[in-house]
């Protein structure tokens, strides 16, 4: 029963991302949104955590939140997939359940 | 499905991660947990991160002038929750031991909690 985890805090602002990643199994997805998208930038604290995550866990970042924060696609970790709002809706249907980490 | 909708029992796992008195998250989580249990769902409660402080012994909010909602945790046995779990990594990061906690809990590693989440029908984070 695959889980889509959503994280809306930056890795520096709390434990949401770290705790989410500890609790995610292969086949899960992690969608970064709001301040959560800062973790998708290569070189930061969040990216360090994301680099250690099993390749069987998909990492997504919400396009509108990246754009609002001036984070260009070229700045992202290679494994991060950008999704728009429609893609967000599709993900919530593709996974069996959603758990928000805030 | 020939089962009546009111009799469907789902496994609902609550993940509560915020300290008790700094925000309303912990109190709201407890209210929904009790509601879920009252409707005879299979309810599991997981304490992670600062959520562990919700069940720390010795909390007294008299000087704050607010109701100590944490005392309601003592009523949990009456609600017959399926499991009450704390994450070992969160315990260690806070220097907490089982003896510091006001209620009886299972201590599980993050990996086991991950399986528990996977195995649930509904997840609610607080």
What tally of residues in the stretch B:107-121 results from selecting those that are surrounded by fewer than 16 Cβ atoms within 10 Å (Cβ to Cβ) and in contact (Cβ under 8 Å) with a residue 24 or more places away in the chain? 2
Conditions first: (1) more than 13 Å from the chain's Cα centre (by Cα); (2) at pLDDT 95 or above. Residue A:31 passes all but one, so which condition is the exception? (1)
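Is it the case, given these coordinates, that residue A:56 is away from chain B (no Cβ under 13 Å) and closer than 19 Å to residue A:91 by Cβ?
Numbers: away from chain B (no Cβ under 13 Å): no; closer than 19 Å to residue A:91 by Cβ: yes.
No, not satisfied.
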Determine whether residue A:17 is within 14 Å of another protein chain (Cβ to nearest Cβ) and in contact (Cβ under 8 Å) with a residue 60 or more places away in the chain. yes
The residue from A:100, A:39, A:47 that alone is within 13 Å of the chain's Cα centre (by Cα), away from chain B (no Cβ under 14 Å) and closer than 23 Å to residue B:126 by Cβ is A:39
Please report, ordered by residue number, the helices (runs of 4 or more DSSP H) entirely within the stretch A:23-102 with at least 2 residues that are buried (at least 21 other Cβ atoms within 10 Å of the Cβ) and either touching a strand residue (DSSP E or B) at 6+ places or on another chain (Cβ under 7 Å) or in contact (Cβ under 8 Å) with a residue 12 or more places away in the chain (or both). A:45-51
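The values are calculated or read from the model by the stated rules, or taken from the named source; none is laboratory data. Only a predicted model underlies this, so the values are computations on that prediction, with no experimental measurement involved. Neighbour counts run over all protein chains shown; Cβ positions are idealised from the backbone, glycine included.
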